[in-house]
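Below is one structure, written out as structure tokens, with a few remarks after it.
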There are 2 protein chains.
Amino acid sequence: MNRAALFSEIKQKSSFLCVGLDPDLSKIPKHLLQEKDPIFSFCRAIIEETAEFAVAYKPNIAFFEALGPKGWETLQKVEEIIPREIFTIADAKRGDIGNTSKLYAKAFFEKMNFDSVTVAPYMGADSVTPFLEFEGKWVILLALTSNAGSMDFQLIKDEKGKPFYQSVLEKSQSWGTPENMMYVVGATRGELIAEVRKVVPDNFFLVPGVGAQGGSLEEVAKYGMNATCGLLVNSSRGIIYASGEKDFAKAARMEAQKLQAEMKRLLDIYL
Amino acid sequence: MNRAALFSEIKQKSSFLCVGLDPDLSKIPKHLLQEKDPIFSFCRAIIEETAEFAVAYKPNIAFFEALGPKGWETLQKVEEIIPREIFTIADAKRGDIGNTSKLYAKAFFEKMNFDSVTVAPYMGADSVTPFLEFEGKWVILLALTSNAGSMDFQLIKDEKGKPFYQSVLEKSQSWGTPENMMYVVGATRGELIAEVRKVVPDNFFLVPGVGAQGGSLEEVAKYGMNATCGLLVNSSRGIIYASGEKDFAKAARMEAQKLQAEMKRLLDIYL
């Protein structure tokens with residue numbers, strides 16, 4: 001999917017909502033455990049009820065990988081039922097030397113048909129660029145994450161006072177373009193989103209950390225939105241575990257709709 | 001496996017050789033393609049012929065993941081046939097926020113029975129520590145890698161002139177101990193191995209980049225060895241693709257034996 005198609009979907013739905021699929025057998029409603037593939041049934045119901053309000057889905061690969069080979073079959077089935085006009089993100093945080101990264105890219109872009117993969121930058125150019133060689137596919141590079149540990153390394157300043165995550169942003173600008181590279185930018189610090197936006201004015205941000213992790217949607221929009229929206233804001237647990245009962249999909253729908261309404265308001269103000 | 005058992009294996013075999021399993025359908029001998037699971041047959045033959053000289057095996061997870069769900073079944077079978085006294089490394093370069101890293105740990109430590117996983121440090125403490133909560137299991141943290149891109153970020157100096165990889169070494173010392181944490185330290189720069197050894201005197205290093213990537217075994221031993229050896233030196237392609245014909249396993253054996261003989265010499269000098 002290209003950027004124009006993604007922006008078109010955003011405008012049509014008045015939404016920049018990404019629904020994170022973190023399906024956990026110990027958290028999904030009990031009645032689903034009788035199904036042949038409970039995780040698939042869970043994800044399918046969530047997708048069916050939220051697709052009207054979401055412009056992206058982000059399966060968290062660890063939740064599937066932890067189930068062994070069957071988990072990968074489930075992941076493949078989940079990817080296949082996501083409507084084609086909705087952007088798909090394999091949240092895998094991969095990254096290795098060149099020939100190995102190429103294989104990870106094949107796993108997510110060819111063996112499966114994801115639009116994008118999240119990639120960790122630590123190993124530098126040749127760990128990232130193999131993902132960029134696939135036409136119409138995207139890298140979502142970790143820049144500034146929203147977890148507590150993000151402060152351990154990402155904010156270390158170099159000899160000129162530049163924080164490490166800014167070196168990642170700057171260097172990676174020569175690897176990809178706003179047509180095939182997005183950045184993970186945590187929402188827990190509004191002023192930092194503005195800093196990131198200054199360095200990379202045109203790229204999309206994937207923003208985790210709104211809701212459960214404490215970020216404010218208003219701040220994200222205010223500091224992060226650009227002329228093509230430039231934001232995919234993720235919510236996982238707040239939506240998919242809105243209810244642990246038989247009404248879980250309807251409850252997920254309501255949460256997604258609530259976020260979409262707020263996003264519509266923010267698009268009207270800031271776009 | 002604990003450190004004493006690993007060191008005991010090193011002494012018994014006079015070897016610190018790790019054999020990297022990067023099985024590629026386009027590179028394995030053609031006659032194996034008729035087998036039911038060519039990748040498994042290939043790995044089994046390699047393991048049978050090299051186990052006498054190796055103290056560790058390191059399946060590169062991307063090569064299995066690229067084959068889809070069946071690849072994970074193969075990986076599981078490969079892990080199961082590695083003799084228990086030999087250290088196993090899931091070379092997966094994982095790392096995510098806490099609850100997600102925990103699931104990756106479960107995938108490799110519980111669903112499968114690997115002794116260790118390679119982990120990327122970018123997301124900080126809570127992305128690494130969940131792997132350290134498993135008794136007898138190890139994290140092998142990326143510090144100084146051997147690829148070209150390693151220079152993009154790992155050598156950036158902070159305000160006090162400290163390179164970034166040293167911050168990773170120092171900070172991570174409070175997360176684990178030499179009993180559950182190793183570091184990936186590339187072999188392409190002998191003098192840097194000495195620098196790393198100064199910061200983390202007791203931890204094991206997993207050293208890629210000897211052979212195909214151009215590092216020198218002599219330099220690694222000279223600058224990196226400590227009182228419990230402290231080194232696992234990996235060779236992948238140089239061993240497993242020593243021959244592309246029916247004699248591939250015997251050829252792999254000869255290459256492994258050659259490296260082991262050199263390692264024996266170096267252990268006699270530097271241990």
Exercise. Could you run the Karplus curve 6.51 cos²θ - 1.76 cosθ + 1.60 with θ = phi - 60° over region A:148-158 and give me ³J(HN,Hα) per residue in whole Hz, x for Gly and Pro?
Key: 4, x, 4, 6, 4, 10, 5, 9, 4, 8, 7
Exercise. Find the relative contact order for region B:46-137 and round it to a whole percent, using C-alpha pairs within less than 8 Å whose residues are 6+ positions apart.
Key: 26
Self-check item: Stretch gain in nm, segment A:Glu218-A:Lys157, where the contour uses 0.36 nm per residue and the Cα spacing is subtracted
Solution: 19.1 nm
Quiz item: Can you list, shortest first and in nm, the gaps between the label point of A:Asn99 and those of its counterparts in the other copies, using a point 7 Å from Cα in the C-beta direction?
Solution: 4.0
Exercise. Please build a GNM for chain B, connecting alpha carbons under 10 Å apart, and tell me which residue among B:Lys162, B:Lys106, B:Lys198 fluctuates the most.
Key: B:Lys162
Quiz item: From the label point of B:Leu155, set 7 Å along Cα to the beta carbon, how far off in nm is each other copy's matching point, shortest first?
Solution: 2.9
Quiz item: Using the alpha-carbon centroid of each, what span in Å lies between region B:1-52 and region B:83-117?
Solution: 18
Quiz item: Along Cα→Cβ at 7 Å, what distances in nm separate the A:Glu110 label point from those on the other copies, shortest first?
Solution: 3.4
Self-check item: Proximal aspartates and glutamates to B:Lys162, defined as alpha-carbon separation beneath 12 angstrom and excluding residues fewer than eight positions away on the same chain
Solution: A:Asp158, A:Glu159, B:Glu170, B:Glu195
Exercise. Of the DSSP beta bridges with both residues in region A:3-270, give the percent that are antiparallel, rounding to the nearest 5.
Key: 5
Practice problem: Bin width 10 Å, alpha-carbon pairs only: give the P(r) of the protein assembly as shown as whole percents, running from 0 to the bin holding the largest distance. | Solution: 4, 19, 29, 25, 15, 7, 1, 0
Self-check item: Within a Gaussian network of chain A (alpha carbon springs, distance under 10 Å), most fluctuating of A:Asn226, A:Asn99, A:Asn203
Solution: A:Asn99
Self-check item: Length-normalised contact order for chain B - Cα pairs under 8 Å, 6+ apart - percent
Solution: 21
Self-check item: Shielding of B:87-97 by partner chains, average beta-carbon count, 10 Å
Solution: 5
Exercise. From other protein chains only, count the Cβ atoms within 10 Å of every residue's Cβ in A:134-145, then give the mean.
Key: 1
Quiz item: Long-range amide H contacts for A:Leu141: which residues qualify at under 5 Å (H placed 1.01 Å from N, peptide plane, sequence gap of 5 or more or a different chain)?
Solution: A:Val119, A:Met182, A:Tyr183, A:Val184
Quiz item: Most mobile of A:Gly124, A:Gly95, A:Gly68 per a Gaussian network model of chain A (Cα springs, under 10 Å)?
Solution: A:Gly68
Quiz item: To the nearest 20 debye, what is the magnitude of the charge dipole of region A:144-271 about its Cα centre, counting +1 on the Cβ of each Lys and Arg and -1 on the Cβ of each Asp and Glu?
Solution: 160
Quiz item: What number in nm² do you get for region A:3-270 if you take the convex hull of its Cα atoms and divide its surface by four?
Solution: 13.3
Quiz item: Taking region B:1-121 on its own, what percent of its Cα-Cα pair distances exceed 25 Å?
Solution: 26
Self-check item: Relative exposure of B:Met181, A:Met123, judged by other C-beta atoms within 10 Å (fewest first)
Solution: B:Met181, A:Met123
Quiz item: About the Cα centre of region A:57-130, what is the dipole size in debye to 20, counting +1 per Lys and Arg Cβ and -1 per Asp and Glu Cβ, all else neutral?
Solution: 80
Self-check item: Dipole magnitude of region B:3-270 about its Cα centre (Cβ charges: Lys, Arg +1; Asp, Glu -1), debye to nearest 20
Solution: 200
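FYI, it's all coordinate maths here, none of it is from the lab. What you see is a predicted model, and the numbers here were worked out from it, not measured in a lab. Backbone-built Cβ (ideal geometry, glycine too); neighbour counts: all protein chains shown.
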